[in-house]
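Below: the structure, in structure tokens.
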């Protein structure tokens, strides 16, 4: 695999740092690629800007920060506006359709789904929005295997929440299938 740069962006409290760790572990531990994960967030514990970056490559990763994004996930309008310029022309943008009302135009592939509402309405917990997003991202990007994502999620989520997180991943995966079929 050539270098694949991913940025998961939104606001603090949406679980994007955990999602980045899960994606990196799925790629490195379970799929056997090299991966590095970095993160940053605003001074506010919740509500400030937040991003997690994952770089996946079969060879040596010489720079750990995502630069020329292959994939951008944006759960807020602010993060979409701020980071869309870093996306490759042939990249993939995935946005929460209810939070990102004005996605930019471009030659990248845009996928839009009500990610937060899927977590709230179909799973019953907004807190699993990050796992729904990982399901969508995994299916659309195909950069890690479904089996590896499942293993990484189960290894990382708090004990006692495995079932609800698997349900969230399944809903995201199904949504990703529907988006690809459109």
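Conditions (1) within 15 Å of the chain's Cα centre (by Cα); (2) surrounded by fewer than 16 Cβ atoms within 10 Å (Cβ to Cβ), marked per residue:
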residue: 19; (1), (2): yes, no
residue: 25; (1), (2): yes, no
residue: 57; (1), (2): no, no
residue: 67; (1), (2): no, yes
residue: 74; (1), (2): yes, no
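Here the condition is being in contact with a helix residue (DSSP H, G or I) (Cβ under 6 Å, 6 or more places away or on another chain) and assigned to a helix (DSSP H, G or I); of 179, 154, it holds for 154 alone. Say whether the condition of being closer than 22 Å to residue 22 by Cα and more than 16 Å from the chain's Cα centre (by Cα) is met by at least one residue in segment 99-112. No: zero hits. Beta carbons closer than 7 Å, at least 6 apart along the sequence or on distinct chains, pair a first residue in segment 25-37 that is closer than 9 Å to residue 148 by Cα with a second that is assigned to a strand (DSSP E or B) for 27/35; 27/56.
From the list 113, 168, which residue is in contact (Cβ under 8 Å) with a residue 60 or more places away in the chain and within 26 Å of residue 80 (Cα to Cα)? From the options 113, 168, the qualifying one is 113.
Can you go through 143, 128, 157 and tell me which one is under 18 Å from residue 20 (Cα atoms), touching a strand residue (DSSP E or B) at 6+ places or on another chain (Cβ under 6 Å) and at pLDDT 95 or above? Don't jump to the end; show me each part of the working.
Numbers: 128 fails: touching a strand residue (DSSP E or B) at 6+ places or on another chain (Cβ under 6 Å); 157 fails: touching a strand residue (DSSP E or B) at 6+ places or on another chain (Cβ under 6 Å).
Going through 143, 128, 157 in turn, the sole match is 143.
With the requirement that a residue be more than 18 Å from residue 140 (Cα to Cα) and modelled with pLDDT of 95 or more, what does segment 104-117 give you? 117, the sole residue that qualifies. Here residue 120 meets each of (1) touching a strand residue (DSSP E or B) at 6+ places or on another chain (Cβ under 6 Å); (2) surrounded by fewer than 18 Cβ atoms within 10 Å (Cβ to Cβ) with one exception, condition (1). Has segment 35-44 got at least one residue that is in contact with a strand residue (DSSP E or B) (Cβ under 6 Å, 6 or more places away or on another chain), crowded, with 20+ Cβ neighbours inside 10 Å and under 15 Å from residue 141 (Cα atoms)? No; the residues of segment 35-44 include none that is in contact with a strand residue (DSSP E or B) (Cβ under 6 Å, 6 or more places away or on another chain), crowded, with 20+ Cβ neighbours inside 10 Å and under 15 Å from residue 141 (Cα atoms). Inspect segment 50-63 for any residue being over 22 Å from residue 157 (Cβ atoms), in contact with a strand residue (DSSP E or B) (Cβ under 6 Å, 6 or more places away or on another chain), touching a residue at least 40 places away in the same chain (Cβ under 8 Å) and outside any loop (DSSP other than H, G, I, E, B) and give the result as yes or no. Yes, the conditions are met somewhere in segment 50-63.
The number of residues in segment 64-112 that are closer than 23 Å to residue 40 by Cβ, in contact with a helix residue (DSSP H, G or I) (Cβ under 8 Å, 6 or more places away or on another chain) and outside any strand (DSSP E or B) comes to 8. Which of the residues spanning segment 73-95 are touching a residue at least 40 places away in the same chain (Cβ under 8 Å) and farther than 23 Å from residue 152 by Cα? Answer for segment 73-95, where residues must be touching a residue at least 40 places away in the same chain (Cβ under 8 Å) and farther than 23 Å from residue 152 by Cα: 76, 78, 79, 80, 82, 83, 86.
The values are calculated or read from the model by the stated rules, or taken from the named source; none is laboratory data. In this text, all values refer to a predicted model and were calculated from it rather than measured experimentally. In this analysis, Cβ positions are derived from the backbone assuming ideal geometry, glycine residues included, and neighbour counts consider all displayed protein chains.
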